[in-house]
Every structure is written in structure tokens, then in C-alpha cells.
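Heads up, the thing below is written out as C-alpha cells.
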Amino acid sequence: MKKPVLRFDSVNKVKAEKDSLLRIVLTPSGQVEVDPSGRINGHGVYMAPTVETLKKAQLSKALDKALGVEIPEEVFVKIGRYVK
């Protein structure tokens, strides 16, 4: 049996299985995108797809810090479509 692939949840500061997280990507062109497939080129960070984590990400600016750019409000709206 294969080991589960773990990734760091940048908002909650814990490791979790990659399949249970949502990837947010800073593309080479400088845009921030939601990457549910995990295949978009660029620097990716992960977060748990829950409403609580989304609110925490907006308040603490954890994703902004992890990617090194200011994330526009419309990206948080896109992320909201993928949360439970």
C-alpha cells in the first residue's frame, strides 16, 4: 500500500492528505487561480476546503503571505465555490 501524499495547509498550519485540500496557484504570469485539478503551472499553496478555513484565510491573510502577493476579493469568491 502506498503512503498518502501529505501537503501543508497554509491557513491552518497542519499537514493533511493532498486529496483533501484545495490548491491555490500563483501562475508565472502573476495571476492567482484556484486549481482543483492540481495541475496548473506555478507556485501552489494548499488550504482545507471549508467555510471556516476560508474565513480564517481572509482575516489572517495567510494565503497572501504564503504566495507573496495580495489576493483579490474575486479569488476568494472563486474559492467559495469549492468549499463545503
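The values are calculated or read from the model by the stated rules, or taken from the named source; none is laboratory data. The shown structure was predicted, so the numbers you read here are calculated from the model rather than taken from an experiment. Heads up, the Cβs are rebuilt from the backbone with ideal geometry, glycines too, and the neighbour counts pull from every protein chain shown.
Based on what the data block shows, is LEU59 touching a residue at least 12 places away in the same chain (Cβ under 8 Å) and in a helix (DSSP H, G or I)? Taking the combined requirement at face value, the residue does not satisfy it. Out of all the residues in the range 20-43, is one or more in contact with a strand residue (DSSP E or B) (Cβ under 8 Å, 6 or more places away or on another chain), β-branched (Val, Ile, Thr) and more than 17 Å from ILE79 (Cβ to Cβ)? Checked against the condition, which is being in contact with a strand residue (DSSP E or B) (Cβ under 8 Å, 6 or more places away or on another chain), β-branched (Val, Ile, Thr) and more than 17 Å from ILE79 (Cβ to Cβ), the range 20-43 yields no hits at all. Total residues in the range 1-36 satisfying the condition of being within 18 Å of SER60 (Cα to Cα), in contact with a helix residue (DSSP H, G or I) (Cβ under 9 Å, 6 or more places away or on another chain) and surrounded by fewer than 13 Cβ atoms within 10 Å (Cβ to Cβ): the figure is 1.
Taking LYS84 as the residue in question, decide whether it is loosely packed, with under 14 Cβ neighbours inside 10 Å, assigned to a loop (DSSP other than H, G, I, E, B) and of a type in the set (D, E, K, R). So LYS84 passes the test. Cβ separations smaller than 8 Å between residues 6+ apart or across chains give the following pairs from the range 29-51 residues that are more than 18 Å from PHE8 (Cβ to Cβ) to residues that are among the charged types (D, E, K, R) and modelled with pLDDT under 95: VAL51/LYS84.
Would you check which residues across the range 37-56 are among the polar types (S, T, N, Q) and either part of a strand (DSSP E or B) or surrounded by fewer than 16 Cβ atoms within 10 Å (Cβ to Cβ) (or both) and list them? Matches in the range 37-56: SER37, ASN41, THR50.
For the range 40-65, the set of residues classified as under 13 Å from ARG23 (Cβ atoms) and either acidic (Asp, Glu) or touching a His at 6+ places or on another chain (Cβ under 9 Å) (or both) is empty.
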